[in-house]
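Readers should treat all values here as calculations from the given coordinates under stated rules, not as data from a laboratory. Please read all numbers here as calculations on a predicted model, not as lab measurements. Neighbour counts run over all protein chains shown; Cβ positions are idealised from the backbone, glycine included.
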Amino acid sequence: MLNFILKRLGLAILVAFTVSLISFSLMFLSGDPAAALAGETASDQDVEAIRILYGFDRPMMVQYWEWLSNALMGDLGESYYFKLPVSSLIADRLQITMLLGLCGISFALLTAVPLGVAAAIRPNSIIDRVALFLSVAGQAMPSFWFGLILIVVFSIQLGWLPPSGTATWRHFIMPTIVLGYYAMPAIMRLTRAGMLEVLSSEYIRTARAKGASEFTVLFKHALRNAIIPVVSLAAVQMGFMLGGSIVVESIFALHGAGYLAWESIARNDLPTVQALILVFSLFYIIFTFLSDVLNAWLDPRMRTG
Amino acid sequence: MSDLTTTMKPDPMLEAIVGPTPGQMLRKRIFGHQGLMIGVVVLAILVLVAIFAPLLAPHDPYAQSLMARMKPPVFLGGTWEYPLGTDHLGRDYLSRLIYGARVSLLIGAVAATISGVIGTAMGVAAGYFGGKVDAVVTYLINVRLAMPVVLVALAVVAILGGSLQVVIVVLGLLLWDRFAVVMRSSTLQVRGREYVAAAKAVGCSTPRILMSEIMPNIANNLIVVMTLEMAHAILLEAALSFLGLGVQPPTPSWGLMVSEGKNMMLFEPWMVLIPGAVLFVLVLAINLMGDGLRDVTAPENRS
Amino acid sequence: MSTPLLSVKDLTIDIPVGGGTLNAVRGIDFDLNRGETLCIVGESGSGKSLTSLALMGLLGGKIKPTATQMEFDGIDLTKANNRTMRTLRGDRMAMIFQEPMTSLNPAFTIGNQLMEALLLHRNVGKEAARARAIELLEKVGITAAASRLSQYPHQLSGGLRQRVMIAMALMCEPELIIADEPTTALDVTIQAQILRLLVDLGREMNMAMILITHDLGVVARVADKVAVMYAGELVETGSAKEVFNAPMHPYTRGLLRCIPQPGKTERGARLGTIPGIVPNLVGGITGCPFRTRCDQAVEACRTDIPHRNPVENHRFRCVHETGHRTAETTV
């Protein structure tokens, strides 16, 4: 178990470094960052001054090293647009995104797991068909469109929910549904498939042969085994959701990190964009690492192996 | 003894019970699969619409008309001149939708092909050679998965400038992860089969084994992932264009149409509903086809 | 003779499949008394396992067995609801499966799974269940039984897992135990041990046992009664002595030719084989299902086959009165 965790941690750190390298090199994708920063009307002297001011004249590896060592200390540079430290800017905005992500994944799990279990218990029943329909529709639904439809129906037509902002919990209902519905189909399908597979396994027959009640069979013997892969999928989806929050936050005008990313990209605020890519990646890496550890702990074959 | 041999002949009555051939059963499964058939038919119609767009579109999708701005669709009291109304620049909505099918399908097909080539090469190499190759590919997949797709795509497209080609290439370079994961595990399964060992035993070269033993046996999974990633690419393009950082106006992209309609949403919700619904139907059709193909070719269905 | 513990008449199992109905088990009869061992032999796909699952009420959702009679100690199993079946299963009738590697739940400890069997049916505390689990693990020959309770299935070998399965089946001292090829998945070297153990424990606890196998060597050693199954029918049933000494059905004779028998098989002589394969059971079979492989087959085999009962406790189904083609039955 310890061996597994160390190995997995090594991979996570290696991946984190690679991602940092990639997000750093984004800066140089456009060619000359100094020219981009100075703007189209700047003279050559201005560009040169900026180049020296921001240190773009030094070798790339030196710049990367400086950026990385600063980043490790929590200093992610200064936003070109806000003229503020990127780290405090992100920390400020991240709360909303994290809250949204947590609400989204909870919504997804609370709908997908019961639905998946119910569908697996009675394959081809009405509930299975409803679950299948919801998941097929969910996978094809463009989330920005879904969000707009919700606004049209619940804010404009019915006037039940506020269309944008973060003032109250009611502002979070529609964003949660949109973000959660994005993750729901995969979780539902995996739960259903896992339960179906487990329910046809021989140890379930053994449990029935013992005289266990259907409830015990389903919720003690089956779900315990079927839920293991769902845990890691949920972590992966949570990582994707934070990255995907950019669309939802822009529709509902939630001023979270995703919204910040959208603004910063539009404003060519590269240090902020770099830092956001790094932060979102790190969250994904941490979530998947933790879920792998949790998974290993849930599965006795891994725990004692 | 002589009558013994005659009575040992297969009984004709039992012969009659022999089931259908595998080919017949596959055909029956394909045509009996509702989702697959719906997906294929809808997709085929949309592909035909895209191909014959110039013949089908009633107007030029780029032609603006200040006199005919924001005309409602027929079912909301409009005229047959503009069956689905016009947008804020007076462009015919139906024509823009028809040409938009070209954009979506082109992006989906080309991006999925680019990622398919990258991901399949990586996945098959990792699965077949194992060891260090596998470790490197697994690490690359992890790196790729850690990067937030929408954010990276947005940033790169913003830096390089939004055009159809840039969007296609960026999506193609970003969406190979599922190909690599699925092809890796399929290859791992196939690699251990007896016919691969047999091919090695008779001295086939590695490329030959990969092309004629491995690939044909994982092709069905490849096709399934291909369709699903095509849907994924179409959705992502629409999202990028919706955020204003994908395909640039005046190209008729469905995502862009939703984005343009958003400003009028309060009074003319159909401007958002129609392009989104078409996008939904296209992606739904592709997904139904992909899921159907998976069901039909899944080994557990081969009885 | 007292009333049998288990009595089955005309048990039929139909499975709906893609191309029609699979008539997997077609009207079989047998009785079993307390303390008796019945061996059901036959090839793969002959319906042996389905028969045992039907007795336990463990056939999957859509498969409904029918029978004119299926009674366990006076309880009509055809009419028993889920609740009744649940109270019987694990308590009065227990089952041991073929695959010890997959028959135990990987997520729970051996102790948890053993104790569960007792806790479900007896009003006892955890300590008593634990003590019973240890007692039975020792009985099935597992050393350091107490420390095994906290282990997980994957930590045990196949042979040990099958011993655990046997212990689990015995937790409530059932009156009937059904063992579906309990040793097929094990190493040859421990097959005999496990089987011996099972049979000895069965005798010791005076349990009735149905042992499903395709290993005739096993049958010869442990069976009181033998039932030979072919393509969903019992082609021959009888006491082990009768069936082995005077096999009547051509299929039984064919099976016996496939194994060496001391005193009968010559050294170096080739063992027999039965050519052909089991027929497809989808969509109704009339006549004798074995006729396509039978060296005694005649035209009359296509029609209904009579039940024959030459001596007490010995029945078989064949158009030939003796199981051999004679001048009068050859048409």
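Tabulated values for the structure
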| read-out | value |
| --- | --- |
| B:Phe52, A:Phe215 arranged by Cβ crowding within 10 Å, fewest neighbours leading | A:Phe215, B:Phe52 |
| Dipole of the stretch B:181-303 [Lys/Arg +1, Asp/Glu -1 at C-beta], most positive-end residue of B:Trp254, B:Ile286, B:Met215 | B:Met215 |
| A:Met61/B:Ala121 FRET efficiency (R0 25 Å; Cβ-Cβ; nearest 0.05) | 0.25 |
| Spin-label model distance (nm) - A:Leu84 vs B:Leu48, 7 Å beyond Cα toward Cβ | 5.7 nm |
| Residues in the stretch A:254-298 that a label on C:Asn112 would reach, taking backbone N under 17 Å of a point 7 Å out along Cα→Cβ | A:294-298 |
| Of the trypsin sites (Lys or Arg not before Pro) in the stretch A:210-280, those whose Cβ has at most 16 other Cβ within 10 Å and which sit in DSSP loop | A:Arg267 |
| Beta bridges per DSSP with both ends in the protein assembly as shown, % antiparallel, nearest 5 | 65 percent |
| Estimated FRET transfer efficiency when R0 is 56 angstrom, pair C:Gln261-A:Leu21 (beta carbons, to 0.05) | 0.15 |
| Residue (of C:Ala179, C:Phe72, C:Gly287) at the positive-pole extreme of chain C, dipole from beta-carbon charges | C:Ala179 |
| Cβ-placed point charges (K, R +1; D, E -1), dipole of chain C about Cα centre in debye, nearest 20 | 440 debye |
| Lysine pairs meeting the criterion (Cα under 28 Å, 8 or more apart or interchain), as found in the stretch C:27-126 | 5 |
| Burial ordering of B:Trp254, B:Trp176, fewest other beta-carbon atoms within 10 Å first | B:Trp176, B:Trp254 |
| Order of C:Thr109, C:Thr68, C:Thr273, B:Thr227 - criterion: other Cβ atoms within 10 Å of each residue's Cβ, fewest first | C:Thr273, C:Thr68, C:Thr109, B:Thr227 |
| At least 27 Å along the helix axis (C-alpha) and Kyte average at least 0.0, DSSP helices within chain A | A:2-25, A:86-121, A:173-199, A:223-252, A:270-298 |
| Two-site FRET efficiency, C:Ser147 against B:Lys28, from Cβ-Cβ distance with R₀ of 51 Å, rounded to 0.05 | 0.35 |
| Farthest toward positive dipole pole in the protein assembly as shown [+1 Lys/Arg, -1 Asp/Glu at C-beta], among C:Ser52, A:Leu11, B:Met122 | C:Ser52 |
| Set of the stretch C:141-175 residues, backbone N closer than 17 Å to the point 7 Å along the Cα-Cβ line of C:Arg196 | C:141-143, C:159-160, C:163 |
| Rounded to 10°, Cα long-axis angle of helix C:126-139 versus longest principal axis of chain C | 50 degrees |
| Dipole in debye (nearest 20) - the stretch A:191-269, about Cα centre, beta carbon charges: Lys, Arg +1; Asp, Glu -1 | 560 debye |
| Global form of the stretch A:147-291, assessed from the alpha-carbon gyration tensor, a/c cut-off 1.5 | oblate |
| Beta bridges per DSSP with both ends in chain C, % antiparallel, nearest 5 | 65 percent |
| Set of lysines with alpha-carbon distance to B:Lys132 below 20 Å, sequence-local pairs under 8 removed | A:Lys7 |
| Overall form of chain B per C-alpha gyration tensor (a/c, 1.5; a/b vs b/c) | oblate |
| At least 20 Å along the helix axis (C-alpha) and Kyte average at least 1.6, DSSP helices within chain B | B:34-51 |
